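To start, the structure under review is shown below, and the notes come after it.
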Amino acid sequence: MADCDLCGRSEPTLIPVRVKVPTYSYVYPEGMWRNLCERCLELCAETERRMDKKIVEGKCNLSLVEGDVVEVEIEIPSFSKGVRREKMYIAPDVLKECARVYDRYKKGTLPPFGEF
Ligand SMILES: [Zn+2]
């Protein structure tokens, strides 16, 4: 079991997305694996497709890069309400990668963990 890097949900299978994290580029020059649950990835893909993406100044929750980030509403599991919506911020290129991975995941063309 691992926890989703965005909503913290524990899932037996999370979908890995490779993200360049400049802060750790000397340890992980190829980027780091961020593990997202299907719902978060779906929300990222939906946001990526929107024409009215809300872009603000901030820090990407996945790549830790500061600058222009896209606001994504993530559903955090909550015992009292079922889900609680919380805003996360994701850099445009990272969001694009999430959308691409989600697309491949849906089509079933995503290779097994760590093979791409
Ligand atoms: Zn999640």
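Against the condition surrounded by 14 or more Cβ atoms within 10 Å (Cβ to Cβ) and either at pLDDT below 95 or under 18 Å from E57 (Cα atoms) (or both), how does A91 come out, does it pass?
Considered against the rule, which asks whether it is surrounded by 14 or more Cβ atoms within 10 Å (Cβ to Cβ) and either at pLDDT below 95 or under 18 Å from E57 (Cα atoms) (or both), A91 comes out as yes.
What are the residues in region 68-87 that are within 24 Å of S25 (Cβ to Cβ) and either open to solvent by 20 Å² or more (accessible area, probe 1.4 Å) or touching a His at 6+ places or on another chain (Cβ under 6 Å) (or both), if any?
Of everything in region 68-87, just one residue is within 24 Å of S25 (Cβ to Cβ) and either open to solvent by 20 Å² or more (accessible area, probe 1.4 Å) or touching a His at 6+ places or on another chain (Cβ under 6 Å) (or both), namely D68.
For (1) closer than 15 Å to L43 by Cβ; (2) within 15 Å of the ligand (Cβ to nearest atom); (3) part of a strand (DSSP E or B), each residue gets a yes or a no:
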{"site": "L64", "(1), (2), (3)": "no, no, no"}
{"site": "V70", "(1), (2), (3)": "yes, no, yes"}
{"site": "S80", "(1), (2), (3)": "no, no, no"}
{"site": "L95", "(1), (2), (3)": "yes, yes, no"}
{"site": "C98", "(1), (2), (3)": "yes, yes, no"}
{"site": "K106", "(1), (2), (3)": "yes, no, no"}
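I'm checking my understanding of the structure. Among residues of region 31-46 that are open to solvent by less than 60 Å² (accessible area, probe 1.4 Å) and assigned to a helix (DSSP H, G or I), which one is nearest to the ligand (Cβ to nearest atom)?
Residue satisfying both the conditions and the ranking: C40.
When both residues are 6+ apart or on different chains and their Cβ atoms are under 7 Å apart, which pairs have a first residue that lies in region 98-116 and is over 18 Å from L6 (Cα atoms) and modelled with pLDDT under 95, and a second that is in a helix (DSSP H, G or I) and among the β-branched types (V, I, T)?
Every condition considered, the pairs that remain are L110/V101.
What pairs come out if I take residues in region 1-24 that are without any contact (Cβ under 8 Å) to a residue 40 or more places away in the chain and pair them with residues that are away from the ligand (no atom under 13 Å from the Cβ) and in a strand (DSSP E or B) whose C-beta lies under 8 Å away, six or more apart or interchain?
Hits for this filter: Y24/M32.
Open to solvent by 40 Å² or more (accessible area, probe 1.4 Å), within 16 Å of the ligand (Cβ to nearest atom) and part of a loop (DSSP other than H, G, I, E, B): which single residue out of D5, D52 fits that description?
Going through D5, D52 in turn, the sole match is D5.
Would you pick out the residues in region 8-30 that are away from the ligand (no atom under 16 Å from the Cβ) and either closer than 13 Å to E73 by Cα or buried (at least 17 other Cβ atoms within 10 Å of the Cβ) (or both)?
K20, V21 - these are the residues of region 8-30 that are away from the ligand (no atom under 16 Å from the Cβ) and either closer than 13 Å to E73 by Cα or buried (at least 17 other Cβ atoms within 10 Å of the Cβ) (or both).
The values are calculated or read from the model by the stated rules, or taken from the named source; none is laboratory data. All values reported here derive from a predicted model rather than from experimental measurement. A quick note on method: Cβ atoms are made from the backbone with ideal geometry, for glycine too, and the neighbour counts reach across all protein chains shown. Ligands, DNA and RNA are excluded from the accessible area calculation, which covers all protein heavy atoms including side chains. Shrake-Rupley method; radii C 1.70, N 1.55, O 1.52, S 1.80 Å.
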